[in-house]
Amino acid sequence: MKRHILHIIFCVVAFLAFSMTVGAVTKDMADAEYKKANYQQAIKDYEELLTHGVSSELYYNLGNAYYKVDNITRALLNYERASMLDPGNKDIRFNLQFVRNKTIDKVADDDEMFFVTWYKSVVNFESVDGWAKISVVSVIMALLLLLVYLFCEKVSLRKVGFFGSLTFIGCFILSILFAYQQKCFFENRCGAIVTSPVVNVKKTPSVGSADEFIIHEGTKVYITDRAMKGWTGIRLPDGREGWILKGKIEEI
């Protein structure tokens, strides 16, 4: 009887695992749909993949798929997200600038010093989980090499153990720092893309307030205030500020 019940449980688990495997979307499947010019299916597949974990490559490919169906705003939004994760990637930067040139409002983005872009690229080289794994490996290696330094009699091996241990301790500290920095980048990001065709930016958060200026779909803005109910404070890269109704933008 017990053996029969175990057999049934095993069959159910195997069936569920098989069903999950069959229904799962892979990046190769999404790429194949893109290559076959089935862009809508590729978009659907890339977006499903992003629900399981973000990456600059997925956002970049999703942006390409949206561009192919002439959805400039969604393409721009996903290129921006890809650039945030991999700011030093030349292909992403080229496509991002190319699509920006197709928007109505030509507002230059904030310029960054080259070393800031380089540092962000290093920080985003791995995910937070990736940096955590590197930190664990670094600690283990540092301890092993410290044991070599403490217990080996050969001077050459003790030197390797000492300096190797210091190197991995440095890797541990940097990986923790990069993981923290990446977490801060994501938590404090404030960029957004206008998703409505035309948006009237108000002087104050009120429908009856005078218009400060008008912006159009695809324009990049920075969120400055989320406290007012139904309104969002925004700033353009050129310094202009105002208020817009919530729902007119999507955060990067």
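The values are calculated or read from the model by the stated rules, or taken from the named source; none is laboratory data. Values in this document were obtained by computation on a predicted structure and should not be read as measured data. Here the Cβ positions follow ideal geometry from the backbone for every residue, glycine too, while neighbour counts run over all protein chains shown. These accessible areas exclude ligands, DNA and RNA; they are computed on the full protein's heavy atoms, side chains included. Shrake-Rupley method; radii C 1.70, N 1.55, O 1.52, S 1.80 Å.
A quick yes/no check of all residues on (1) modelled with pLDDT under 90; (2) under 25 Å from LEU236 (Cα atoms); (3) part of a helix (DSSP H, G or I); (4) touching a helix residue (DSSP H, G or I) at 6+ places or on another chain (Cβ under 7 Å):
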residue	(1), (2), (3), (4)
ILE92	no, yes, yes, yes
GLN97	no, yes, yes, no
LYS106	yes, yes, no, no
ALA132	yes, no, yes, yes
VAL148	no, no, yes, yes
GLY161	no, no, yes, yes
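So, in the range 214-226, how many residues would count as being within 24 Å of ASN101 (Cα to Cα), free of Cβ contacts under 8 Å to residues at least 60 places away in the same chain and of a type in the set (Asp, Glu)? The number of residues fulfilling the criteria is 0. Entry remark, the range 126-141: residues being under 20 Å from ASN89 (Cα atoms) and free of Cβ contacts under 8 Å to residues at least 24 places away in the same chain number 1 in total.
Collect the residues in the range 177-192 that are open to solvent by 80 Å² or more (accessible area, probe 1.4 Å) and assigned to a helix (DSSP H, G or I), keeping them in residue-number order. Talk me through it step by step, then tell me what you get.
Taking the range 177-192 as the starting set, the residues that turn out to be open to solvent by 80 Å² or more (accessible area, probe 1.4 Å) are 180, 183, 187-189.
Of everything in the range 177-192, those that are open to solvent by 80 Å² or more (accessible area, probe 1.4 Å) and assigned to a helix (DSSP H, G or I) turn out to be TYR180, LYS183, GLU187.
Pairing residues of the range 227-247 that are touching a residue at least 60 places away in the same chain (Cβ under 8 Å) and open to solvent by less than 30 Å² (accessible area, probe 1.4 Å) with residues that are among the polar types (S, T, N, Q) and not in a strand (DSSP E or B), at Cβ distances under 8 Å and at least 6 apart in sequence or on separate chains, gives LEU236/THR219. Residues of the range 216-243 that are part of a strand (DSSP E or B) and within 24 Å of MET84 (Cα to Cα): HIS216, LYS220, VAL221, TYR222, ILE223, THR224, ASP225, THR232, GLY233, ILE234, ARG235, GLU241.
State all residues of the range 195-210 that are under 29 Å from GLY63 (Cα atoms), surrounded by fewer than 19 Cβ atoms within 10 Å (Cβ to Cβ) and in contact (Cβ under 8 Å) with a residue 24 or more places away in the chain; if no residue qualifies, say none.
Pass one, the range 195-210, residues under 29 Å from GLY63 (Cα atoms): 195-201.
Okay, now just the ones that are also surrounded by fewer than 19 Cβ atoms within 10 Å (Cβ to Cβ), so 195-198, 200.
Within the range 195-210, THR195, SER196, ASN200 meet the criteria.
Residue-level analysis places GLY63 outside the set of residues that are at pLDDT below 85 and either among the basic types (Lys, Arg) or out of contact with any strand residue (DSSP E or B) (no Cβ under 6 Å at 6 or more places or on another chain) (or both). Scanning the range 201-213 for residues that are modelled with pLDDT under 95 and under 27 Å from LEU96 (Cα atoms) yields one hit, PHE213. Screening the candidates ASP28, ASP45 for the property of being over 25 Å from GLY218 (Cβ atoms), assigned to a helix (DSSP H, G or I) and out of contact with any Ser or Thr (no Cβ under 8 Å at 6 or more places or on another chain) yields one hit, ASP28.
Regarding GLY208, is this residue out of contact with any Leu (no Cβ under 8 Å at 6 or more places or on another chain), under 30 Å from GLY247 (Cβ atoms) and not β-branched (Val, Ile, Thr)?
Values: out of contact with any Leu (no Cβ under 8 Å at 6 or more places or on another chain): yes; under 30 Å from GLY247 (Cβ atoms): yes; not β-branched (Val, Ile, Thr): yes.
So GLY208 fits the description; yes.
Applying the set (1) assigned to a loop (DSSP other than H, G, I, E, B); (2) of a type outside the set (S, T, N, Q); (3) exposed (fewer than 15 other Cβ atoms within 10 Å of the Cβ) to PHE213 leaves exactly one unmet item: (1).
Candidates are the residues of the range 78-126 that are basic (Lys, Arg) and touching a Ser or Thr at 6+ places or on another chain (Cβ under 9 Å); the one that is surrounded by the fewest Cβ atoms within 10 Å (Cβ to Cβ) is ARG93.
Among the residues of the range 130-143, is there at least one that is within 20 Å of the chain's Cα centre (by Cα) and open to solvent by 50 Å² or more (accessible area, probe 1.4 Å)? Within the range 130-143, one or more residues are within 20 Å of the chain's Cα centre (by Cα) and open to solvent by 50 Å² or more (accessible area, probe 1.4 Å).
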